[in-house]
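A short write-up of the structure that comes next.
The values are calculated or read from the model by the stated rules, or taken from the named source; none is laboratory data. All values derive from a computational prediction rather than experimental measurement. Cβ placement follows ideal geometry from the backbone for every residue including glycine, while neighbour counts extend to all protein chains displayed.
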Amino acid sequence: ILNAGTCEYLEIANYDSAVIENNISTNVVGTARCLDIALPALRRTVAKGQPATLVIVSSSAWWFPFGRAEGYGASKAALTYFAHALRADLAPEGIDVVVVSPGFVKTPLTDRNDFPMPFLVSAEDAAGRIVNGLRKGRNEIAFPKRFTWTLKALGALPQGLIDRMAASMSHKSRNEQETNG
Ligand SMILES: NC(=O)c1ccc[n+]([C@@H]2O[C@H](COP(=O)([O-])OP(=O)(O)OC[C@H]3O[C@@H](n4cnc5c(N)ncnc54)[C@H](OP(=O)(O)O)[C@@H]3O)[C@@H](O)[C@H]2O)c1
């Protein structure tokens, strides 16, 4: 299970490309580097006739263009593409690739967030849902459903509508930040 990751938000007034680089470096390149070790191990497992599954923890955040999440969203979109393409390449070898796309989970990472997090679940709850999904043989595990279905539905709207909603959310969140200092 390749789970390590970071989330750095961009302050558009002080645009800094290092924020984009840090997210991509940890979440995409870091995961890709882990495969240098994980892939030979998975192949050895298959050679012994045992089931081999690679789990990549992505996020549902990139399904909608949230303000400040340029770096994080781009990294998780890239990571998910990476995982899906790996799934295609590794299927003939009998190695499964599972993508986990959580909503908000209460962890040290989200404890830093200064905005409301709808449908926040505990880390224990999230772990239970991941284990459940793996036991059922799912290759896509997304939760909590109320959050991920809403995001999926929003993401399927025409781009013009998405842009208006995203801009309005970003504007509201910036106003709240300024009010809260
Ligand atoms: N929490 C959420 O709401 C949420 C939602 C969607 C997806 N996710 C994803 O879930 C995964 C776990 O996040 P979390 O919420 O559990 O965050 P967390 O509590 O901050 O844990 C992140 C883990 O990643 C490791 N890590 C971070 N940067 C690293 C680096 N450069 N090299 C090696 N290890 C590094 C950390 O190690 P150290 O402790 O040693 O720094 C820590 O063990 C991440 O991929 C995150 O994007 C989280």
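Quick notes on this structure:
- Considering segment 1-102, the qualifying helices (runs of 4 or more DSSP H), each wholly inside and each with 1 or more residues that are in contact (Cβ under 8 Å) with a residue 60 or more places away in the chain, run over 70-90.
- Of all residues in segment 103-120 being more than 6 Å from the ligand (Cβ to nearest atom), without any contact (Cβ under 8 Å) to a residue 60 or more places away in the chain and of a type outside the set (Lys, Arg), the one that is surrounded by the most Cβ atoms within 10 Å (Cβ to Cβ): Gly103
- Meets criteria (more than 11 Å from the ligand (Cβ to nearest atom), surrounded by fewer than 18 Cβ atoms within 10 Å (Cβ to Cβ) and at pLDDT 95 or above) for Asn14: yes
- Given (1) farther than 20 Å from Val28 by Cα; (2) of a type in the set (Phe, Trp, Tyr); (3) surrounded by 13 or more Cβ atoms within 10 Å (Cβ to Cβ), number of the condition Phe82 does not satisfy: (1)
- Qualifying residue in segment 166-173 (condition: within 14 Å of the ligand (Cβ to nearest atom) and of a type outside the set (S, T, N, Q)): no
- In segment 163-174, the residues that are closer than 16 Å to Glu70 by Cα reach residues that are among the basic types (Lys, Arg) with C-beta atoms within less than 8 angstrom, at least six apart or across chains, in these pairs: Ser170/Arg68; Ser173/Arg68.
- Scanning segment 84-102 for residues that are touching a Ser or Thr at 6+ places or on another chain (Cβ under 8 Å) and more than 12 Å from the ligand (Cβ to nearest atom) turns up Ile95, Asp96, Val97, Val98.
- In segment 137-162, the residues that are under 17 Å from Val57 (Cα atoms) form Cβ pairs under 8 Å with partners that are among the charged types (D, E, K, R) and surrounded by 11 or more Cβ atoms within 10 Å (Cβ to Cβ), at six or more places apart or across chains, as follows: Asn139/Arg87; Asn139/Asp96; Ile141/Arg129; Phe143/Arg129; Pro144/Arg129.
- Within segment 35-45, being over 15 Å from Arg87 (Cβ atoms) and not basic (Lys, Arg) holds for Asp36, Ile37, Pro40, Ala41, Thr45.
- Any hit, segment 25-34, residues being closer than 19 Å to Tyr81 by Cα, of a type in the set (Ser, Thr, Tyr), within 14 Å of the ligand (Cβ to nearest atom) and over 14 Å from the mean Cα position of the chain (by Cα): yes
- When Arg138, Arg146, Arg164 are screened for being of a type in the set (Lys, Arg) and surrounded by 14 or more Cβ atoms within 10 Å (Cβ to Cβ), only Arg138 passes.
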